[in-house]
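Peer 1: One structure follows; several queries about it will come next.
No lab work stands behind these numbers, since they all come straight from the coordinates. Note that the structure is predicted; figures quoted are calculated from it, not measured. Methodologically, a virtual Cβ is constructed for each residue, glycine included, from the backbone with ideal geometry; neighbour enumeration extends over all protein chains shown.
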Amino acid sequence: MVRSRLALVAIAALCSSFSTAINVLLPNTPPTNSQPLSPVLLSLSIEQDRWPDWSGVLARNEFTHTALLALADLTGQPPKIRVGGDSEDLTSWSPTVSLNEDEFPPPSTITPYPEATKDTVGDDFYALSRFLPRGTHMTWGVNFAADNATNAVNMAKAIVRAFQSTAVKTSGVVLDLIEVGNEADVYLFNGLRSSDWTVEEYVLEWISVAGPVVENVGIHGNSGPVSLQGAAFIGANNFTPSEIFKLGILDSTPGKAISV
C-alpha cells in the first residue's frame, strides 16, 4: 500500500511538471440538459487469432472474467465484445479442426506477440463465448478478404450454432452482430487486394459474400436478434459509410440486414 501511494505521488508530481492546475466545479446533481452515458460506452475488440487466450479453453480465463466483471460493477452491464480484427480475414473454418490451429511468424523484441498469418478454426472456437460474463453482447467477424462465400458461410453457421448450443445459451452470452470483413479499405495496402481496388468493387464483392451469409444463417432484415455490422473501415480511399450508401449497398439483401 505504501509503495502504491508513493507511485501515485510520483505520477502526480510528474504530471504537475507538464500541466497547469484547472479548477472544475462538479454539481451534486446532473444538469437538466445532461444525457446519461451508455453503460457499454467502453467496449472491447479482441483479435480472432488470440481469442482462446482471452476467453480460456478448458475453463474461463479468470483475469479476463474478473476485469470484465469489474467494468460491469461500475456501469451495470458488461462491455460488448467484438472478436475479429485483421485476423478475422485470415481465418478459415474446417470440419476437421475442433478448436483452432494457428500459424504465427517468429516473435521479436519489437513484436513479441505477432499476428497469425493463418488461423483455422472449428466449432469449439466460437463456443468459448460461454466463458464471458453473463449478459455480454457479442459481435463476431467472418472472413471477407478471401472472397470465398463458402468459407464465410461456414464461419457464420458455426457462430450461430455455437450461440444456439445449450452451453452458450446457459451462459447468458448473446450474439448481436456478424461483421463480414474487417477494415476492407486496408486491403489495398496489405496485399489482400490490388492497389487499384475501388469502393465500387468492394460493394459488389461484399454483397456476393454477405448475401449467402444472411441467407444461410436466416438473417432477415436488420431488426432480428442477429443482424450485420457494416462499414468497418478506417476511412481510406473513399471507403466510408456515406459512399457505400450512395452505391446502393443498403438496397441489397445483405445490406438490408445492416443495423450498425
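Peer 1: What do you get when you divide the Cα radius of gyration of the range 19-63 by 2.2 N^0.38 Å, with N the number of residues?
Peer 2: 2.11
Peer 1: Still on this structure, I have one more. According to a simple spin-label model (label point 7 Å from Cα along Cα-to-Cβ), what is the distance in nm between E62 and F245?
Peer 2: That separation, rounded to one decimal, is 4.8 nm.
Peer 1: Please give every one of the lysines within straight-line cross-link reach of K246, meaning a C-alpha to C-alpha distance under 17 Å, and leave out same-chain neighbours fewer than 8 residues apart.
Peer 2: K256
Peer 1: Among Q229, Q164, Q35, whose mean-square fluctuation peaks in a Gaussian network model of the chain (Cα, cutoff 10 Å)?
Peer 2: For the chain, modelled as a Gaussian network with Cα springs under 10 Å, the answer is Q35.
Peer 1: Follow-up question, since we're still on this one. For the range 83-136, what's the relative contact order in percent, using C-alpha pairs closer than 8 Å and at least 6 residues apart?
Peer 2: 40
Peer 1: A further question on this structure: Which whole-number percent is the relative contact order of the chain (Cα, under 8 Å, 6+ apart)?
Peer 2: Taking the mean separation of contacting Cα pairs over the length of the chain, I get 15 percent.
Peer 1: When Cα extents along the principal axes in Å is calculated directly from the model, which label among (1) 56, 36, 34; (2) 58, 45, 41; (3) 83, 48, 38 fits?
Peer 2: Checked against the structure: label (2).
Peer 1: Here is a further query. Looking only at N154, N238, N33, which one moves most when the chain is put into a Gaussian network model with springs between Cα atoms under 10 Å?
Peer 2: Of N154, N238, N33, the most mobile in the Gaussian network model is N33.
Peer 1: By the scheme Lys and Arg +1, Asp and Glu -1, what is the net charge of all other residues having a beta-carbon under 13 Å from that of I234?
Peer 2: Net charge around I234: -3.
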